[in-house]
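Reviewing the structure listed below.
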Amino acid sequence: MADLSKAGSFLLGDRRVIRMGYGAMQLAGPGVFGPPKDREAALAVLREVVASGVNHIDTSDFYGPHVTNQLIREALHPYTDGLTIVTKVGAKRGDDASWNPAQSPAELKQAVHDNLRNLGVEVLDVVNLRIMGDVHKPSEASIAEQFTVLAELREQGLIRHLGVSNATSSQVKEAQGIAPVVCVQNHYNLVHREDEALIHELNEKGIAYVPFFPLGGFTPVQSNTLSEVAKRLGTTPMQVAQAWLLARSPNILLIPGTSSVGHLRENLAAAELVLSNEVLAELEGIASSHG
């Protein structure tokens, strides 16, 4: 079993979490829609997550929809002390599995209550507002109305902490003017590096940065350098990409997702992978070669 303490920890609001977490998105069916092909396998993954020492799980009630939260509740409720479950609101799924904005006050309130019910809790640890101006990347637009709705639910005691996802730097600042922001969840990896300055700003403020798509997501990182480094180190490209993220900044929290216990163990092993300065310099070249 991997020693996750080697990844370090970081404060997510008032919750100290191990920097190697788990993302539950892939537990739903194909395209993050419908039930899993193997429900028992999905439940086994979640139990292995907690047994491995992970104390930060990322989810959303629009995964499935409802599927991942119901699996989390079935596998892990009542939750162990110290487990932090982070969810997000702001989208909904169409009958055709499409991803659609759900940003009105009524929709946001309904989403929070759906998360509460399906996770089986009275208060949500962290709720991210998933900004939907452009589904695949941040785009400028005011989020004051939406974030104010969540801030009011936080004041009512239904949410402990708030964050934003798919956000620009100015949207993060706008949200901070309404209520404290404890995390930002954006697309970032070896190639997709637009958030470098934002990560630094957040680290100085003690705010967590949670990158998704560590290997590129819709357009996977195809890099001979990454593959060669992994082969030389006797590890996998995914492990190298995650170790690079852990080395990048102390406020980066990882949430790699998988529906396989074997892949889960591989991912968690990245917590123990230390990249030399020479390897880190080698990996730096990947971004410029993809520019």
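The values are calculated or read from the model by the stated rules, or taken from the named source; none is laboratory data. Computed from a predicted structure; not experimentally measured. Because the Cβ atoms are built from the backbone with ideal geometry, glycine has one as well, and the counts that use them run over all protein chains shown. Heavy atoms of the whole protein, side chains included, go into the accessibility calculation; ligands, DNA and RNA do not. Shrake-Rupley method; radii C 1.70, N 1.55, O 1.52, S 1.80 Å.
Taking the Cα centre of region 103-185 as reference, the dipole from Cβ charges on Lys and Arg (+1) and Asp and Glu (-1) amounts to some 160 debye.
Helix-derived [θ] at 222 nm for the chain: sum -39500 (n - 2.57) over DSSP H runs of at least 4, divide by residue count, nearest 500? Don't skip to the end; give the middle numbers.
On the way: 10 runs with 111 residues, N = 291.
Result for the chain, helices only: -11500 deg cm²/dmol.
Can you tell me what share of the DSSP beta bridges in the chain is antiparallel? A percent to the nearest 5 is fine. Bridges in the chain that DSSP calls antiparallel: roughly 20 percent.
Antiparallel versus total DSSP beta bridges in region 40-175: what percent is that, nearest 5? Don't skip to the answer; put the middle values down first.
Working: 3 of 16 bridges.
Bridges in region 40-175 are about 20 percent antiparallel.
Ranked by the mean number of other Cβ atoms within 10 Å of their residues, highest first, the peptides 173-179, 78-84, 248-254 fall in the order 248-254, 173-179, 78-84.
Which entries of Lys37/Lys205; Lys6/Lys92; Lys109/Lys137; Lys6/Lys88; Lys92/Lys231; Lys205/Lys231 show an alpha-carbon separation above 31 angstrom in the structure shown? Each step should come with its number before you reach the end.
Values: Lys37/Lys205 42 Å; Lys6/Lys92 37 Å; Lys109/Lys137 24 Å; Lys6/Lys88 28 Å; Lys92/Lys231 40 Å; Lys205/Lys231 37 Å.
Those over the limit are Lys37/Lys205; Lys6/Lys92; Lys92/Lys231; Lys205/Lys231.
Assuming charge only on the beta carbon of Lys and Arg (+1) and of Asp and Glu (-1), the dipole of the chain about its Cα centre is about 340 debye to the nearest 20.
Could you rank the peptides 15-25, 230-240 by their average count of other C-beta atoms within 10 Å per residue, with the highest value first? Kindly include the intermediate steps, with their values, before the conclusion.
On the way: 15-25: 22.6, 230-240: 17.2.
Going from most to least packed, we get 15-25, 230-240.
With all protein chains kept in place, the per residue accessible area of region 1-45 amounts to 48 square angstrom at a probe of 1.4 angstrom.
Taking only the C-alpha atoms of region 203-245, Rg followed by Dmax gives 12.7, 37 Å. A cut-off of 5 Å between modelled amide H atoms, ignoring neighbours fewer than 5 places along the same chain, links Arg19 with Gly8, Ser9, Phe10. When each of the peptides 95-101, 182-188, 85-91, 107-113 is scored by how many other beta carbons lie within 10 Å of its residues on average, the order from highest to lowest is 85-91, 182-188, 107-113, 95-101.
Candidates Leu264, Ala243, Ser170 compared by Cα position along the dipole of the chain: farthest toward the positive end lies Leu264, with charges placed on Cβ. Dipole check for region 152-233: with +1 at the C-beta of Lys and Arg, -1 at the C-beta of Asp and Glu, and the Cα centre as origin, the magnitude is about 300 Debye.
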